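The values are calculated or read from the model by the stated rules, or taken from the named source; none is laboratory data. Keep in mind the model is a prediction, meaning the values are calculated, not measured. Note: ideal-geometry Cβ built from the backbone for every residue, glycine included; neighbour counts use all protein chains shown. All accessible areas refer to the heavy atoms of the entire protein, side chains included, with ligands and DNA or RNA removed. Shrake-Rupley method; radii C 1.70, N 1.55, O 1.52, S 1.80 Å.
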Amino acid sequence: LQDVPRAYQSQINDVLLTALALAVRGWTGQTSVLVDLEGHGREDLFDDVNVSRTVGWFTTIFPVQLDLRGTHTPVETLHAVKAQLRRIPHRGLGYGVLRYLSGDADRVAQLRSLPQPQISFNYLGQFDQVLADAALFRLAPESSGPAHGPHGQRLHLLDVNGMIAGAQLRLDWTYNPLVHPQPIVTRLAERFLATLRAIIKGAEGAREIEDVYPLAPLQETMLAQAPRAGVYYVQFSGLVRGELDTAAFLRAWQQVVDRQPVLRTAFPRAADGTPVQQVQRQVVLPTEQLDWRSLSASEQQARLAEFRRADRDRGFVLSTAPLARLALIRLADRRYQLIWATHHLLLDGWSWPLLFQEVAALYRAGTQGQELPPAGTEHYHAYIRWLGRQDAHQAEHFWRRLFAGFPGPRAQPLATPRNGHDADAGYGEDQVTVAVADTRALQAFARAQHVTVNTLVQGAWALVLGSLGAGEDVVFGVTVAHRPAAIAGAESMLGLLLNTLPLRVQIRPAQDLGSWLQDIQAQQAAAYEYAYSSPAQIQAWSGTPGPHPLFETTLRFQNYPLDEASLRWAPDLEITDVEWSDWWHYPLNVVVTPGLHLGLAISYDKRQFDSAAIRAILTQFHARLQAIAHTGDPARPLADLLRGVDDVLTLAGEA
């Protein structure tokens with residue numbers, strides 16, 4: 001009741017069902033066990049419904065098919081059973097509604113025609129606790145007589161009921177001796193107990209695991225892509241200026257790893273091959289200290305560039321925590337180069353300021369003799385639990401409706417397959433900045449049209465893709481921060497609370513610019529309600545055949561820069577000259593950074609694009625934004641805007 005759930009982050013139902021499934025597998029030789037699971041029906045599923053003190057009969061019974069394929073030990077089977085039970089919507093509460101109350105004759109007939117379980121299981125709970133609260137009553141030693149009438153018809157060949165009574169687990173096995181002689185059931189019960197003891201013994205070796213839970217949708221996408229080395233590797237680099245207590249500095253980074261489960265997370269595969277997030281209780285952050293004070297400034301810069309490249313090429317072993325490391329390089333007496341690297345599976349951009357603020361607070365506490373600041377109580381698992389409660393059917397309806405009539409994606413615009421020797425060329429980057437005056441004009445135009453600058457950027461990028469061969473029905477990926485208000489503490493949670501969703505933009509030349517942009521923003525707002533959807537599921541719902549990606553370009557509006565509070569750790573200690581890089585697996589990725597100057601950057605796969613093509617794309621993107629900024633007339637048809645920009649680009653090309 002205590003050690004096993006703590007070791008495996010499980011519930012007693014998970015453990016008992018695992019023991020039952022393995023006992024049945026040992027008896028029948030079958031790798032699939034079908035059980036009717038009985039529950040109390042009082043699950044805390046709805047914010048406005050509390051039946052914890054309501055008298056009545058809330059019992060639920062629903063079928064569970066436990067797939068034991070690929071599991072070789074009781075502990076492996078426990079993880080597989082636990083994962084399968086967590087995938088059941090609302091803990092089975094809806095099955096009875098569908099089976100008996102739906103009023104849909106076809107659905108009822110379909111459910112009735114399915115194989116029916118021959119085994120039922122019910123764990124009744126800890127009766128010791130119930131009786132301890134009511135000292136007037138206690139269990140009597142005498143038999144209470146038969147619990148069922150002699151003419152009642154049992155629904156299952158084998159009924160297993162468990163409870164904790166007298167500080168012991170008690171299991172009642174009800175069976176028909178004309179079907180199963182007593183020695184068979186006795187051996188089955190003994191197998192059950194042997195498996196239970198094996199799980200308890202295995203808990204001793206699992207104590208280093210703090211938590212295990214499923215992946216978020218974007219994490220599934222990242223792992224499924226099997227990217228090359230360096231993809232989804234995130235590297236932060238900055239100059240630490242001032243009087244630095246290096247011991248306290250490194251200690252603060254280790255403390256934040258100790259406090260934040262997401263920084264102790266690895267991504268191994270469960271026994272059934274499904275990737276999971278596994279949080280270790282303790283990990284040591286890999287750190288490296290170097291002293292380059294004897295080198296010249298030019299030698300330091302050359303060595304730094306080589307260090308950053310080599311660190312990126314190292315990548316991470318995703319099944320081993322931590323997926324992060326830190327290097328501190330001393331360049332002068334009061335100047336250090338900080339390089340902090342993580343895998344994108346762990347953190348989104350929103351998390352970076354939160355991470356640096358916490359490390360800064362820990363550093364100040366350590367150097368000034370103060371108490372450590374309190375750690376947050378809500379961690380990333382809360383987001384995963386919230387995802388598991390969302391309605392996939394509503395999401396499917398939304399995405400199917402959005403992609404109704406979609407002709408399918410076209411070939412990647414301007415893709416230029418390179419020669420064989422460039423097969424491992426890696427990723428390149430290029431960028432331009434929008435002038436201050438143009439940036440202000442974009443902001444003013446966005447305010448006047450009641451849309452965001454992000455929407456203007458998305459519209460301009462859609463026009464670029466359309467002119468490069470994507471046609472008038474364009475789809476590209478947009479990255480959205482996903483921190484639902486329904487999750488307490490979501491704004492201050494570290495983790496990958498992010499998803500990449502498809503944005504479908506139909507370019508109608510006769511439509512006016514203002515209403516077109518408002519349509520884009522309205523779609524984004526509607527899609528956010530279903531931002532919990534898996535990208536793989538969305539692709540299937542869009543009608544796009546599996547091998548062909550729904551989109552090959554992404555756009556991120558990166559509006560969460562590190563602020564001064566994150567980078568100034570003391571009056572005479574701050575981090576400056578900040579740079580960071582991260583490469584996604586898509587062939588073409590656009591990152592737009594707001595500010596006094598709007599920054600436009602593209603990272604690209606060198607195997608598919610050359611630098612001249614990327615420069616041409618950036619030039620056109622810049623021109624589209626300038627045209628929107630200075631159009632002055634939101635009623636102007638898109639056709640005029642397109643024609644004007646094309647003329648400018650033609651003249652520029654001729655020049």
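Hey, does the stretch 22-37 have a residue that's in contact (Cβ under 8 Å) with a residue 12 or more places away in the chain, polar (S, T, N, Q) and crowded, with 19+ Cβ neighbours inside 10 Å?
To start, the set of residues in the stretch 22-37 that are in contact (Cβ under 8 Å) with a residue 12 or more places away in the chain comprises 22-27, 31-37.
Then keep just the ones that are polar (S, T, N, Q); that gives 31-32.
Filter again for crowded, with 19+ Cβ neighbours inside 10 Å, leaving none.
There is no residue in the stretch 22-37 that is in contact (Cβ under 8 Å) with a residue 12 or more places away in the chain, polar (S, T, N, Q) and crowded, with 19+ Cβ neighbours inside 10 Å.
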Inset, instruction - Hey, could you check the stretch 125-151 for residues that are within 30 Å of residue 21 (Cβ to Cβ) and open to solvent by 100 Å² or more (accessible area, probe 1.4 Å) and say which is modelled with the lowest pLDDT? - result: 129
Legend entry - Residue among 154, 170, 112 that alone is of a type in the set (D, E, K, R), at pLDDT 85 or above, open to solvent by 90 Å² or more (accessible area, probe 1.4 Å) and touching a Ser or Thr at 6+ places or on another chain (Cβ under 9 Å): 154
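Out of all the residues in the stretch 253-300, which are assigned to a helix (DSSP H, G or I) and open to solvent by 50 Å² or more (accessible area, probe 1.4 Å)?
Those that are assigned to a helix (DSSP H, G or I) and open to solvent by 50 Å² or more (accessible area, probe 1.4 Å): 258, 297, 298, 299.
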Inset, instruction - State the number of residues belonging to the stretch 370-413 that are touching a residue at least 12 places away in the same chain (Cβ under 8 Å), assigned to a loop (DSSP other than H, G, I, E, B), under 30 Å from residue 470 (Cα atoms) and among the aliphatic types (A, V, I, L, M). - result: 1
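Which is in a loop (DSSP other than H, G, I, E, B) and open to solvent by less than 10 Å² (accessible area, probe 1.4 Å), of 463, 496? Write out each step before concluding.
On the way: 463 fails: in a loop (DSSP other than H, G, I, E, B).
Residue meeting the stated conditions: 496.
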Legend entry - Condition check for residue 430: among the acidic types (Asp, Glu), assigned to a strand (DSSP E or B) and either open to solvent by less than 40 Å² (accessible area, probe 1.4 Å) or at pLDDT 95 or above (or both): yes
Inset, instruction - Look through 308, 330, 312 and report the one residue that is surrounded by 13 or more Cβ atoms within 10 Å (Cβ to Cβ) and modelled with pLDDT of 95 or more. - result: 330
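Return the residue satisfying two criteria in turn: it lies in the stretch 353-376 and is among the hydrophobic types (A, V, I, L, M, F, W, C) and modelled with pLDDT under 90, and of such residues it is most open to solvent (accessible area, probe 1.4 Å).
Within the stretch 353-376, the match that is most open to solvent (accessible area, probe 1.4 Å) is 372.
Among residues belonging to the stretch 554-599 that are acidic (Asp, Glu) and open to solvent by 30 Å² or more (accessible area, probe 1.4 Å), point out the one that is modelled with the highest pLDDT.
If we filter the stretch 554-599 for residues that are acidic (Asp, Glu), which is where we start, we get 563-564, 572, 574, 577, 579, 582.
Next cut, open to solvent by 30 Å² or more (accessible area, probe 1.4 Å) only: 563-564, 572, 574, 577, 579.
Numbers: 563: 69, 564: 68, 572: 85, 574: 90, 577: 87, 579: 84.
Taking the candidates together, the pick is 574.
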Legend entry - Of the criteria (1) open to solvent by less than 20 Å² (accessible area, probe 1.4 Å); (2) more than 17 Å from the chain's Cα centre (by Cα), which one residue 472 fails: (1)
Legend entry - Condition met for residue 97 (more than 29 Å from residue 11 (Cα to Cα) and β-branched (Val, Ile, Thr)): no
Inset, instruction - Scan the stretch 235-252 for residues that are crowded, with 21+ Cβ neighbours inside 10 Å and either assigned to a helix (DSSP H, G or I) or within 20 Å of the chain's Cα centre (by Cα) (or both) and jot them down. - result: 249, 252
Legend entry - Tabulated pairs, the stretch 168-188, first hydroxyl-bearing (Ser, Thr, Tyr), second outside any loop (DSSP other than H, G, I, E, B), C-beta under 7 angstrom, 6+ apart or interchain: 174/159; 175/158; 175/185
Inset, instruction - Filter the stretch 203-227 down to residues that are small (Gly, Ala, Ser) and open to solvent by less than 40 Å² (accessible area, probe 1.4 Å) and give me whichever is modelled with the lowest pLDDT. - result: 206
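In the stretch 600-607, is there at least one residue being farther than 30 Å from residue 363 by Cβ, surrounded by fewer than 20 Cβ atoms within 10 Å (Cβ to Cβ) and modelled with pLDDT under 90? Write out each step before concluding.
As a first pass, look at the stretch 600-607 and keep what is farther than 30 Å from residue 363 by Cβ: 600-607.
Checking which are surrounded by fewer than 20 Cβ atoms within 10 Å (Cβ to Cβ) leaves us with 601, 606-607.
Still in the list and also modelled with pLDDT under 90: 606-607.
Taking every residue of the stretch 600-607 in turn, at least one turns out to be farther than 30 Å from residue 363 by Cβ, surrounded by fewer than 20 Cβ atoms within 10 Å (Cβ to Cβ) and modelled with pLDDT under 90.
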Inset, instruction - Would you mention how many residues in the stretch 391-401 are modelled with pLDDT under 90 and either open to solvent by 70 Å² or more (accessible area, probe 1.4 Å) or over 21 Å from residue 224 (Cα atoms) (or both)? - result: 1
Inset, instruction - Report the residue count in the stretch 541-553 for those that are modelled with pLDDT under 90 and small (Gly, Ala, Ser). - result: 2
Legend entry - Subset of the stretch 71-109 (residues that are crowded, with 16+ Cβ neighbours inside 10 Å and among the hydroxyl-bearing types (Ser, Thr, Tyr)): 71, 77, 95
Inset, instruction - Would you tally the residues in the stretch 188-202 being open to solvent by less than 40 Å² (accessible area, probe 1.4 Å), over 15 Å from residue 158 (Cβ atoms) and either over 37 Å from the mean Cα position of the chain (by Cα) or among the β-branched types (Val, Ile, Thr) (or both)? - result: 2
Legend entry - Residue identified as of a type outside the set (Ser, Thr, Tyr), open to solvent by 10 Å² or more (accessible area, probe 1.4 Å) and part of a strand (DSSP E or B) among 483, 504: 504
